[in-house]
Structure formats: structure tokens, C-alpha cells
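Contents: one structure, followed by commentary.
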Amino acid sequence: MRSYRPLKAMLTVLLCASLLLAALPAAAGSKGSAQPREDPSAAIVADLLVVRPVSLAATICGSVLTLGTLPFSIWGGKEQVGKVSHHLVAEPARYTFQRPVGDFESHGP
């Protein structure tokens, strides 16, 4: 019998990382603050080392989920398939590959 411990551990790490990354925009502060803008190099490093790999993993997981739900989406029609693939694949891919490095607010061109 195969052990699923490594898979569970990887999913736990991805879930924890995604929850922590969801709090980044709230922790960034408001745009109207009087404080001078800090050096963007920390944001760039965090983006390249943490956010981009997690976003890539979300794109891959979304692709797998899209393939898994495809038979059910087809019953809903062509528009439903487009919605599912847009939300599970296109949005994470756009956030991963089209967003400027270090910019956590932009979602593509």
C-alpha cells in the first residue's frame, strides 16, 4: 500500500503558504500613508522566491482540477467550460507570468 504522507505534507505546506500570502496585501499598508515608500527589493525577492513558485503551483493544480471537472463542466455548456478554465488556470497563470516582478496589486496588462 502506498503512503500518502509526502503528498499530505506538500498540500499542507501549499495551503499554509497560500493563507500567509493572502494576508500580504493587508499587511502592505494603505496607499495614503505619510510614510516614505520602502525599498522594493524586499518585495522583489519575496515575489521571486515565494509568490511566483506558489502561483506556478496554483496554475498547475488549477490545470489538474480543470481536467478533473471537465466532464461535469461540459454538461453545463461551452460557457461553463470557459468560466472554469478562466478561474482555475488563466487567472493564476496571468498572476504568475504577466504581473510585474514585485507588484502584488497588478493582475496583468
Inset, instruction - Please find, within segment 28-61, the residue that is farthest from residue 101 (Cα to Cα) out of those that are aliphatic (A, V, I, L, M) and at pLDDT below 60. - result: 34
Inset, instruction - Among the numbered conditions (1) surrounded by fewer than 16 Cβ atoms within 10 Å (Cβ to Cβ); (2) in contact (Cβ under 8 Å) with a residue 60 or more places away in the chain; (3) touching a Gly at 6+ places or on another chain (Cβ under 8 Å), tell me where residue 43 comes up short. - result: (1)
Legend entry - Residue match in segment 72-81 (condition: within 24 Å of residue 7 (Cβ to Cβ) and modelled with pLDDT under 90): yes
Inset, instruction - Go through segment 84-105 and give me each residue that's loosely packed, with under 12 Cβ neighbours inside 10 Å and either among the polar types (S, T, N, Q) or more than 30 Å from residue 43 (Cα to Cα) (or both). - result: 98
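The values are calculated or read from the model by the stated rules, or taken from the named source; none is laboratory data. What you see is a predicted model, and the numbers here were worked out from it, not measured in a lab. Positions of Cβ are backbone-derived with ideal geometry, glycine not excepted, and every protein chain shown enters the neighbour counts.
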